[in-house]
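The values are calculated or read from the model by the stated rules, or taken from the named source; none is laboratory data. Because the structure is a prediction, the values reported are computed rather than measured. Methodologically, a virtual Cβ is constructed for each residue, glycine included, from the backbone with ideal geometry; neighbour enumeration extends over all protein chains shown. SASA here: full protein model, heavy atoms, side chains in, ligands and nucleic acids out. Shrake-Rupley method; radii C 1.70, N 1.55, O 1.52, S 1.80 Å.
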Amino acid sequence: MTAAPHSRTGARVDRLPLARFTTLGVGGEAEVWFVSDHAQLAEAMAQPYRILGGGSNLVIADEGVPERVIRLSGPLAERDLMPDPALSDGDQIVTGWVGGGVPLPGLVRALQKLGLGNLEGTVGIPAQVGGAVWMNAGTRYGEMFDGLHTLEIATPDGLRVVAPGELRWGYRDSGIPRGHIVTRVRLKLQRSTPEEVLAKMTLADTARKGQPKMKTPGCAFKNPGGVGAGRLIDEAGLKGARVGNALIAPEHANFIVNLGGATASDVHALLDLIRQRVAVPLELEYELWPGGALGQATSAVTGFSWPVGPE
Ligand code: FAD
Ligand code: EPU
């Protein structure tokens, strides 16, 4: 076996199928740059790039993407949860740096064991810290920006350190421009007890009991102004609609799942169908790589209770 080549600054560079980095399990090849420090990141960002986190919100084309795909690794995927005495005050703890490449589920578990609250609401989100911050991932029990003190962001013009208050963040939106990379954050946490933190996590976890357990990128559409997109899609009779090997989940209509061997165009076709059938305009939560308009349906849609074609 030959070792993967390294870039000038030492980043490991390998051509890999992106499907293996996504929770949907779909996506063709790209050149993946595993960067573990700022010098490697600067080199990687010198050519057109995309940043890949936990791949839990992505529908990547079967052809892959032409840009290099950056993945944070090494020290940029490590966490220092020690309270910083200079920044902490009483029960308000500010941690050391937590890398953008750190898996969120393990972080949330670790915080529970330490009895540190503020991020309990993000339990069950299979993201990396950087991706979760960029999307401001969350649930009705809390979101990433509840637990941020400082963000370090790599921009094409260099590294910036900002406070959350400097960003215009909101529901599923951090206000950080696309392509700017969340390299590290310091967390702002409330000292509590492991039992109390666990109780809040259990509440948030219970709310997702009805979500499907199959390969999926989570909810397809954002909730439009207080109404559940899932309910709207359900009311349109679309649960169980299938294109190729992609299915609108019978458990929750805002989830598209991969039955095994689904393609990106299968998923695009279902997204198109939802937009055609739901009267309320829906904003996509999934991110489509390489982007652009939704694909054309190339396979037949089957298995849903609404009439296909003109009514
Ligand atoms: P990716 O999917 O890899 O990328 C998503 C976007 O973030 C891309 O634009 C990417 O370029 C960008 N990005 C990734 N890393 C960085 C970085 N370091 N810096 C800057 N940009 C970056 N979401 C919720 O909000 N609430 C939920 O309850 C929830 N439940 C889910 C349940 C399941 C089973 C699944 C599969 C998904 C769920 N999601 C949920 C969706 C998803 O987890 C979130 O959107 C999450 O924020 C995506 O993070 P990621 O690291 O996987 O990013
Ligand atoms: N509903 C239906 N039919 C369905 C699905 C839902 O009628 O097929 C109804 C439910 O009965 C409920 C309402 O819609 O009355 C809301 O449903 P749910 O409680 O499942 O929450 P949601 O709004 O659909 C949101 C987030 C999820 C998050 C859960 C739990 C969005 C788009 N979705 O779902 O986030 O996990 O709350 O807090 O905001 C994600 O963003 O990827 C995601 C999974």
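Per-residue packing, averaged as other Cβ atoms within 10 Å, sorts the ranges 116-126, 70-80, 3-13 into the order 116-126, 70-80, 3-13, beginning with the highest. When peptides 61-68, 215-222, 167-174 are sorted by average Cβ neighbour count within 10 Å, with the highest value leading, the order is 215-222, 61-68, 167-174. Distance between the modelled labels on residue 251 and residue 193, one decimal in nanometres: 3.3 nm (7 Å Cα→Cβ projection).
With helices as the sole contributors, the chain gives -5500 deg cm²/dmol at 222 nm; each DSSP H run of n ≥ 4 counts as -39500 (n - 2.57), and the sum is divided by every residue. Roughly what angle does helix 194-206 make with the longest principal axis of the chain, taking Cα atoms, 0 to 90 degrees, to the nearest 10? Tilt of helix 194-206: around 20 degrees. Counting only heavy atoms of the protein chains and using a 1.4 Å probe, residue 146 has close to 60 Å² of accessible surface. Summing Lys, Arg as +1 and Asp, Glu as -1, what charge do residues with Cβ under 14 Å from the Cβ of residue 117 carry, residue 117 excluded? Once all neighbours under 14 Å are counted, the net charge is -1. Looking at the P(r) of segment 61-177, how many percent of alpha-carbon pairs lie beyond 16 Å? I get 64 percent for the Cα pairs in segment 61-177 exceeding 16 Å. With every protein chain in place and a 1.4 angstrom probe, the accessible-area ranking of 34, 145, largest first, reads 34, 145.
In the full protein context, the chain carries 46 Å² of accessible surface per residue, based on a 1.4 Å probe and ignoring ligands, DNA and RNA. Taking K and R as +1 and D and E as -1, what net charge do the other residues with C-beta under 14 Å from the C-beta of residue 259 add up to? Charge balance near residue 259 sits at +1.
Counting only protein heavy atoms and a probe of 1.4 Å, the accessible surface of segment 29-104 is 52% carbon and sulfur.
Per atom type, segment 127-255 shows carbon and sulfur on 51% of its accessible surface, probed at 1.4 Å. Straight-distance candidates among the lysines for linking to residue 200, with alpha-carbon spacing under 29 Å and chain neighbours fewer than 8 residues away dropped: 113, 188, 209, 213, 215, 222. The translational diffusion coefficient of the chain, from Stokes-Einstein at 20 °C and 1.002 mPa s with a Kirkwood hydrodynamic radius over alpha carbon pairs, comes to 105 µm²/s. Taking the longest Cα principal axis of the chain as reference, the axis of helix 104-114 is set at about 50 degrees. Here the calculated FRET efficiency for residue 207 and residue 284, from their Cβ-Cβ distance with R0 = 22 Å, stands at 0.50, rounded to the nearest 0.05.
For segment 158-207, taking the reciprocal of the average inverse distance between every pair of different Cα atoms yields a Kirkwood hydrodynamic radius of 14.0 Å. Note that segment 231-246 has calculated 3J(HN,Hα) couplings of 5, 4, 5, 4, 5, 7, x, 9, 4, x, 5, 9, 10, x, 10, 10 Hz, one per residue in order, obtained from phi through the Karplus relation 6.51 cos²θ - 1.76 cosθ + 1.60 (θ = phi - 60°); glycine and proline are x.
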